[in-house]
1. Given K326/K389; K326/K478; K182/K446, which pairs have Cα atoms separated by over 27 Å?
2. Are there trypsin sites (Lys or Arg not before Pro) in region 405-467 that DSSP marks as loop and that have at most 13 other Cβ atoms within 10 Å, and which are they?
3. Using the Karplus curve 6.51 cos²θ - 1.76 cosθ + 1.60 with θ = phi - 60°, work out ³J(HN,Hα) for each residue of region 44-54 in order, rounded to whole Hz, and write x for Gly and Pro.
4. Ranking request for peptides 176-182, 558-564: highest mean number of other beta-carbon atoms within 10 Å first, then the rest in descending order.
5. How high is the relative contact order of the chain, in percent, with contacts defined as C-alpha pairs under 8 Å that are six or more residues apart?
6. Do any trypsin sites (Lys or Arg not before Pro) in region 219-287 lie in a loop, going by DSSP, with at most 14 other beta-carbon atoms within 10 Å of their beta carbon, and if so which?
7. Non-local amide H neighbours of I187 (under 5 Å, H modeled in plane, Pro and chain starts lacking H): which ones?
8. Mind jotting down the distance between the C-alpha centroids of region 539-592 and region 51-81, whole Å?
Amino acid sequence: MRYPDDADRYATILKDPRSFVVSPNLADYEAARSAFSWEQARAALSGLPGGDGLNIAYEAVDRHARGPRANRVALRWIGKAGERRDYTYGELAISTNRFANALQSVGVKAGDSVFILLGRVPELYVGMLGALKLKCVVSPLFSAFGPEPIATRMEIGDARVLVTTEALYRRKVEALRERLPKLECVILIDAEEDSERTRSWRKLMQAAQEIFNIAPTDPRETALLHFTSGTTGRPKGVIHVHEAVVTHYATGRYALDLHDGDRFWCTADPGWVTGTSYGVIAPLTHGVTNIVVEAEFDAPSWYGVLAQERVTVWYTAPTAIRMMMKLGADAVKDYDLSALRFAASVGEPLNAEAVVWGVEAFGLPFHDNWWQTETGGIMIANFASMDIKPGSMGRPLPGVEAEILRRKANGGIETLGAGEEGELALKSGWPSMMRGYLHEEARYRKCFVGEWYLTGDLARYDSDGYFWFVGRADDVIKSSGHLIGPFEVESALMEHPAVAEAAVIGKPDPIAGEIVKAFVALKLGFEADELMRKDLLGHARKRLGAAVAPKEIEFRGNLPKTRSGKIMRRLLKARELGLPEGDLSTLESDER
Ligand code: ATP
Ligand code: MG
């Protein structure tokens with residue numbers, strides 16, 4: 001089997017010169033790993049005054065507000081109409097105190113669930129951090145979800161409070177409110193007055209005190225409830241605790257290389273875990289300026305944000321990168337991106353082609369990193385100081401032990417060596433490890449064998465210790481005795497100059513068991529015709545060999561994706577086979 005790292009095309013290992021504008025936090029990988037302990041990582045945080053435990057909101061806001069960073073911009077909000085508002089750490093401390101008091105004034109207590117259904121507006125951040133101060137369990141939802149997914153999640157999560165807008169409430173929640181008997185308090189951020197069933201944010205905040213003392217917080221108390229992306233099936237409600245902030249901080253330091261004075265932009269919505277762990281918590285715990293952009297993806301406006309805000313560290317996702325690639329590197333040339341020092345990507349496999357394109361377009365490669373809702377924070381990464389092998393997810397973080405395992409028929413596991421493909425597993429014990437799937441104890445237990453957490457992703461590592469993503473266990477294709485990882489095939493297709501996106505599935509076949517079928521979206525200016533199909537089939541055969549290359553190609557304008565930007569292969573497959581489509585609550589673009 002050929003792997004991307006064998007390919008001549010990517011034989012060059014990329015060094016990232018701009019990462020060295022500042023000296024990387026992780027200068028020597030081996031040394032950092034051996035010196036690391038989670039206890040020490042925790043010691044870099046403040047803890048609540050008087051040794052009263054660890055609270056995410058205190059680490060993110062109050063400890064800076066009480067020190068020399070009080071007047072530094074914590075959040076720079078850029079609204080849809082281009083308006084810009086700054087909130088210093090001092091101001092954020094006051095508004096989050098107010099919101100904690102406001103919640104308390106309406107009878108909300110520690111342990112109650114607070115759901116937030118908002119676009120990326122300042123109240124989302126104030127609401128989340130304020131509720132964490134009161135030790136509520138916070139669950140941020142994508143504002144674009146429809147009524148049913150919203151109601152289902154609030155039902156599962158025993159929502160007691162909902163923070164939203166008048167319009168979202170009327171359109172998406174009101175009609176289903178009878179299903180939510182525990183939902184006592186709906187706070188509307190744009191309502192001037194209270195109504196029979198809703199409260200006005202403005203009035204509550206006006207009446208609330210500016211001072212709030214966070215109660216002692218056991219690091220093991222639940223803080224966040226995040227739903228997974230639903231890429232492989234029905235989304236799971238993942239429980240995280242306050243202690244997760246230790247991982248957020250440590251990974252912000254090592255994997256995102258955050259330095260004092262950085263202007264950081266994470267493009268993810270807090271409706272999925274990246275937008276919370278890295279769009280809120282990690283940058284604030286580092287006391288840097290966190291850029292929040294309300295508008296959805298649009299390449300020129302994104303380049304504008306990078307240039308105008310002098311963004312130094314940028315965390316984005318493969319789907320966005322592929323959309324930018326569609327428009328070409330020339331589109332970047334008019335923008336002054338000289339402040340940008342480090343760019344990273346997460347969420348899906350990052351094709352080698354995209355890493356290399358980063359150098360062409362931005363003068364620096366995208367650093368891929370890997371993690372899941374369940375892991376709460378980055379587990380495997382390409383670090384600033386490290387050589388990048390395009391197509392590899394990088395190496396495990398200090399404090400993270402990763403192995404490739406095979407489940408055995410007797411319920412045990414076998415550890416595989418370099419070059420062997422198996423399930424990616426992590427040794428339990430890092431602080432942001434999930435503490436459960438809500439109401440799904442059996443499903444949660446099934447993820448563990450002894451001390452190992454099995455991720456459901458297939459991967460391998462090479463002789464240098466770099467990890468390579470093969471595919472999700474569910475997506476692996478078995479064809480004529482070969483096990484084919486979709487990522488390998490998709491990456492080869494992506495190398496073709498006409499291809500913008502590709503997704504492959506296994507299609508049942510009486511002889512081969514399964515054949516590889518590819519769905520391909522082309523870049524602008526290319527024709528989806530017979531000639532193109534033949535050209536792609538030929539290209540794939542040359543790159544992958546006949547056994548692995550797709551036998552069928554179907555052109556699509558777009559591929560179905562989750563709201564967090566992941567290609568839903570299971571949906572392509574279900575439709576191909578005429579099977580039930582399953583849970584579609586997270587589906588975003590849907591062009592058949
Ligand atoms: P569900 O579990 O509901 O099917 P999901 O797994 O897509 O949804 P998330 O937790 O949001 O939900 O995504 C984590 C998954 O995304 C990983 O398990 C992996 O399959 C994929 N992923 C994330 N980052 C990378 C990466 N750098 N390379 C390859 N795959 C990645
Ligand atoms: Mg998953």
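1. Too far apart for the 27 Å limit: K326/K478; K182/K446.
2. Passing sites in region 405-467 are K408, K446.
3. Ordered by residue, 3J(HN,Hα) equals 6, 8, 8, x, 5, x, x, x, 8, x, 9 Hz.
4. Numbers: 176-182: 13.1, 558-564: 21.6.
Going by the mean number of other Cβ atoms within 10 Å, highest first, we get 558-564, 176-182.
5. 13
6. Sites meeting the loop and neighbour criteria: R220.
7. Those lying under 5 Å, H to H, from I187 are L162, V163, T164, R199.
8. Their Cα centres are 41 Å away from one another.
A short reminder: the numbers here are calculations on the coordinates, not readings from a lab. Because the structure is predicted, anything quoted here is derived from the model rather than measured. Note that we place each Cβ from the backbone using ideal geometry, even for glycine, and neighbour counts take in every protein chain shown.
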